[in-house]
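Read the figures in this text as sums done on the coordinates, not as results from a lab. Here the structure is a predicted model, which is why all the values come from computation and not from measurement. No Cβ is skipped: glycine too gets one built from the backbone with ideal geometry, and neighbour counts run over all protein chains shown.
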Ligand SMILES: [Zn+2]
């Protein structure tokens, strides 16, 4: 589950959100052209503006979702395991002596399997298939697009290799922000029907 914070005219309101609700929010944001960005904790922030019909002022609105258990450090070993699971043939295998995530060509050792599940980076569906959680996917996306240097002299780089240059440091930050928003939009667009169905059918 995610914690959801909605900022509106009267202040903030908080609630909880399921993975399917988070996907719905992000798809709606994509359709409406709202700015959204994945966060390192495995959440997302969505921002947009609207015109107040009474005062005609432009007001900022936002929704932030953060997993109840932040994804934490996604080190290379963890990212490698998650990438392997994301191929799509991962199953949860219960043997007399071990519980493991199994593939056609191998398996993840029991301790690592237990750790990935406890961190809620993966979930097992009712048919025994293993998939990445939305939090894991968002956390990986944010990890792949973090500021990797620069920030001075009008130049900065994203960890994916994207570079930004502009007249001021603030303008460079904005170019990087727009880049991160663009990759987040592409991520939401790329979520396929199979993954969406798996999320929605989760009990
Ligand atoms: Zn990037």
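Quick notes on this one:
- Rounded to the nearest 10 degrees, the angle from helix 76-85 to the longest Cα principal axis of the chain is 70 degrees.
- Helix-only [θ]222 nm of the chain, DSSP H runs n ≥ 4, -39500 (n - 2.57) each, per residue, nearest 500: -11500 deg cm²/dmol
- Taking the empirical scaling 2.2 N^0.38 Å for compact globular proteins as reference, the chain has a Cα radius of gyration ratio of 1.15.
- Compared with the dominant principal axis of the Cα atoms in the chain, helix 134-144 is inclined by about 60°.
- At an R0 of 41 angstrom, the distance between the Cβ atoms of residue 13 and residue 111 translates into a FRET efficiency of 0.50.
- Choice from 18, 182, 190 showing the highest fluctuation, given a GNM over the chain with Cα pairs closer than 10 Å: 190
- Taking each residue as 0.36 nm, the span from residue 182 to residue 53 lengthens on full extension beyond its C-alpha to C-alpha distance by 43.5 nm.
- Put simply, when 36-49, 61-74 are sorted by average Cβ atoms within 10 angstrom per residue, most first, you get 36-49, 61-74.
- Averaged over residues, the count of other Cβ atoms within 10 Å places the peptides 78-88, 6-16, 129-139, 165-175 in the sequence 129-139, 78-88, 165-175, 6-16, highest first.
- Estimated inter-spin distance, residue 27 and residue 189, nm [label 7 Å along Cα→Cβ]: 1.6 nm
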